[in-house]
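Every number here is computed from the coordinates shown, using simple stated rules; none is lab data. The model shown is predicted, which means the values in this text are computed figures rather than measured ones. Cβ placement follows ideal geometry from the backbone for every residue including glycine, while neighbour counts extend to all protein chains displayed.
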Amino acid sequence: MENRTYTADVEPGTSATVAGWVHETRDLGGIAFVIVRDKTGKLQVKLEKDEMDEELVETGLDAARESVVKVTGDVKEEPRAPTGFELVPESFEVVAPADPQLPLDPSGKVDAELPTRLDNRTLDLRKPDVKAVFEIRSEVLRAVREHFRDVGCTEINTPKIVATGTEGGTELFPISYFGEEAFMNQSPQLFKQLMAGSGLEKVFEIGPIFRAEEHNTPRHLNEATSIDFEGAFHDHNDAMDVVEGVVKAAYEAVSENCQEELELLGLEDEFDLPEGDFPRLTYEEAIERVNATGELDEMLVYGDDLSTEAERALGEDVGEHYFITNWPSEIKPFYIKDLDDDPETSTGFDLMHPRMELVSGGQREHRYDHLVEGFEQQGLNPDEFEYYTKMFKYGMPPHAGWGLGGERLIMTMLGLDNIREAVLFPRDRQRLSP
């Protein structure tokens, strides 16, 4: 819009044109105020009924909340105004009227249930605290990309429509692809490994993944954002170093660049930056520490996966981000390499926040014969993955990587109760629209 000035940039003694939404109207009889809101803040517009054009005043007073308006006039100092000044309009245009019956209150004075908010996401994001979550999410993704580039990675984009699943067919969404069966990809895992074996060597991707899980919990989604890394000539320890750097970079960027958003969320005094190296517990140590908490009804034994209750108990015990390493081979996927001196133990690792798992990763099996054997042991047909396995015949270097749940990173960083609060338009078992 030509000559538009954001409300945060309006200065007394100037003429300005502001455009935004009607946040509130206060009619005090001979005088009225219309509060106009844009992405930078709010500005008081003063309507003097006896001294202004009657049509202009009526236009301003008749504009329902959340109508889009364009107002031009002189900006004058007014100590009683919320910002210390106000705009006295020469013109007041309703660009797009709003229905007076709003499905939720964008001012936040009246709370709405999460389903109502998600059904009306456009209105929901007009609330400053909700918008703050997505400003922070944007900053996290910017910082993550910057850190990847700082450590020499190339950004890639891999297919989201595939002929075979990364980890078998139990969690795949089938689709029709020109008369053939195809699937929405669960992970860029196989493709990013192929790129680690190319001349690119170190790659990352930030993109959607799709899992047809039956979970219906506050921390599961069926379409999620995965932050992925793969590095040639990396082992599992190198990969853990990279993800630790990524997570710390995200927190530091938010702390430095999102103070206003943190204040809106009430986190300005509670936003703790991860300090020092993340503890690295072996799987056996993790089992022992969980059992020692006494929080579980049944003691864990070697070979058990960690339940939600076990993760919670261990997280409270550790109290910071931490890794679990040296998982039993049988628990981890076929492409995770075993330790050279212990074929029963894998190089797989998880990065945990005290609330939940954030990352799964490890060193990959780069030897062709061992890789094919892993497929067969997991009940998968290697022939269906020939596009992937054949490249391991042509000089595949040792490599390692991981996948980080983007929404889980935001959820744990901001202490959100439900992962759907970190997604614009969530996809889960019940929600396919909007």
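Relative contact order of the chain, taken over Cα pairs closer than 8 Å and 6 or more residues apart, is 12 percent. Rounded, prolate or oblate, given the Cα gyration tensor of the stretch 7-96, with a/c below 1.5 counting as rounded? It comes out rounded by the Cα gyration axes. In this structure, ASP129 and ARG4 have a Cβ-Cβ separation that, at R0 = 25 Å, corresponds to a calculated FRET efficiency of about 0.50. Measuring nothing but how far apart in sequence close Cα pairs (under 8 Å, 6+ apart) lie, relative to its length, the stretch 7-96 scores a relative contact order of 32 percent. Amide H contacts under 5 Å for ALA212: LEU172, PHE173, restricted to partners 5 or more places along the chain or on a different chain, H placed in the peptide plane at 1.01 Å from N.
Between GLU309 and ARG431, the modelled label-to-label distance comes to 2.9 nm, taking each label 7 Å out from Cα in the direction of the beta carbon. Coupling constants for the stretch 75-83 follow from the phi torsions by the Karplus curve (6.51 cos²θ - 1.76 cosθ + 1.60, θ = phi - 60°), and in residue order they are 9, 10, 5, 8, x, 7, 6, x, 9 Hz; glycine and proline get x.
Shape verdict for the stretch 196-351, please, from the Cα gyration tensor: rounded (a/c under 1.5), prolate (a/b greater than b/c) or oblate. Cα axes put the stretch 196-351 in the oblate bin. Can you give me the Cα centroid spacing of the stretch 271-302 and the stretch 6-26 in angstrom? A separation of 53 Å, based on Cα centres.
Separation of the stretch 37-103 from the stretch 145-213 is 49 Å, based on Cα centroids. Per residue of the chain, the DSSP helices (runs of n ≥ 4 H) give a summed -39500 (n - 2.57) that works out to -8500 deg cm²/dmol at 222 nm. Fully extending the segment from LYS390 to THR40, taken as 0.36 nm per residue of separation minus the present Cα-Cα distance, adds 120.6 nm. Bridge orientation summary for the chain: considering DSSP beta bridges with both residues in this region, about 90 percent are antiparallel.
A cut-off of 5 Å between modelled amide H atoms, ignoring neighbours fewer than 5 places along the same chain, links VAL95 with VAL68, VAL69, LYS70.
Here the Karplus relation 6.51 cos²θ - 1.76 cosθ + 1.60, evaluated at θ = phi - 60°, turns the backbone of the stretch 122-132 into coupling constants of 4, 5, 4, 6, 7, 7, x, 6, 6, 4, 4 Hz, with x for every Gly and Pro.
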